[in-house]
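First up is the structure itself, then whatever we jot down about it.
The values are calculated or read from the model by the stated rules, or taken from the named source; none is laboratory data. Keep in mind that what you see is a predicted model, and the values were worked out from it rather than measured. Neighbour counts run over all protein chains shown; Cβ positions are idealised from the backbone, glycine included. Side chains are part of the model used for accessible areas, which takes the heavy atoms of the whole protein and leaves out ligands, DNA and RNA. Shrake-Rupley method; radii C 1.70, N 1.55, O 1.52, S 1.80 Å.
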Amino acid sequence: MLIQIPDMLSRETALALRARIIDAEWVDGNATSGPGSAMKKFNRQLPEESPAAQAAQQVVAQALGGNALFLSAALPHTIFPPLFNRYGEGETFGTHVDNAVRIHGGSGTRIRTDLSATLFLTDPEDYDGGELTIEGPFGQVSYKLPAGHMVLYPSSSLHRVTPVTRGERISCFFWMQSLVASAEARGMLFELDQSIQALTVRHGSTDAEVLRLTNVYHNLMRRWTQA
Ligand code: NI
């Protein structure tokens, strides 16, 4: 399931974030590569522990925690601290898979990567190329979203960033472990939750059928979550 989350950050906040990190010290993007990725990855990254990255991480983490669509779709258990990358002219990241398991920097625990996210911090007209292309059972889909918009996709997908041919693409990206490991189960819960929310608006939260469906949602969560 591919989910676009518009306005994860307002355009102003996204561009302000970009402006705040652009002059920080960036390093070779291979700092976080898994084996096999290094030969395909040509970009730069903000060092995870740098003050610039940590300040920016807080802005993103706060937005994630307050976004109902994101929470409904991802059902996050643990979110890997958001990272930031930039692709200048000629830079690219060839087709690759994200590591299945990563060490969570803060806690040192291992997290399973169920979902990957890219939050765009550059408006599409400011660069050419630099599309995020994702392959999966859904076919092949490319994203180049306005600053502040995010795409959520299964970490099990092959994906790439096509070469930037003009300008510079700066984005935030991160992984997360979901409470629900199965993408299929998570997708059904998302559909159900979205319908319940729409029905709640129409009929109120005390409506008997809304309550019944809400109960079903939570009972399915009990069945499927790995907390
Ligand atoms: Ni990746």
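Total residues in segment 89-98 satisfying the condition of being surrounded by 17 or more Cβ atoms within 10 Å (Cβ to Cβ) and of a type outside the set (Ser, Thr, Tyr): the figure is 4. In the set Leu132, Leu152, only one residue is open to solvent by less than 30 Å² (accessible area, probe 1.4 Å), within 13 Å of the chain's Cα centre (by Cα), under 25 Å from Thr78 (Cα atoms) and within 13 Å of the ligand (Cβ to nearest atom); that residue is Leu132.
Here's the yes/no breakdown for (1) at positive phi; (2) within 16 Å of the ligand (Cβ to nearest atom):
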residue: Val141; (1), (2): no, yes
residue: Ala198; (1), (2): no, no
residue: Gly204; (1), (2): yes, no
residue: Glu209; (1), (2): no, no
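Among residues of segment 203-227 being over 28 Å from Arg110 (Cβ atoms) and of a type in the set (A, V, I, L, M, F, W, C), the one that is surrounded by the fewest Cβ atoms within 10 Å (Cβ to Cβ) is Ala208. Of all the listed residues (Val101, Val97), the sole one being within 12 Å of the ligand (Cβ to nearest atom) and under 24 Å from Leu64 (Cα atoms) is Val97. Please work out if Arg160 is open to solvent by 10 Å² or more (accessible area, probe 1.4 Å), assigned to a strand (DSSP E or B) and within 12 Å of the ligand (Cβ to nearest atom). Judged against the criteria, Arg160 is a match. Only one entry of Thr113, Thr109, Thr122 meets the criterion of being within 15 Å of the ligand (Cβ to nearest atom) and either of a type in the set (Ser, Thr, Tyr) or open to solvent by 50 Å² or more (accessible area, probe 1.4 Å) (or both), and that entry is Thr113.
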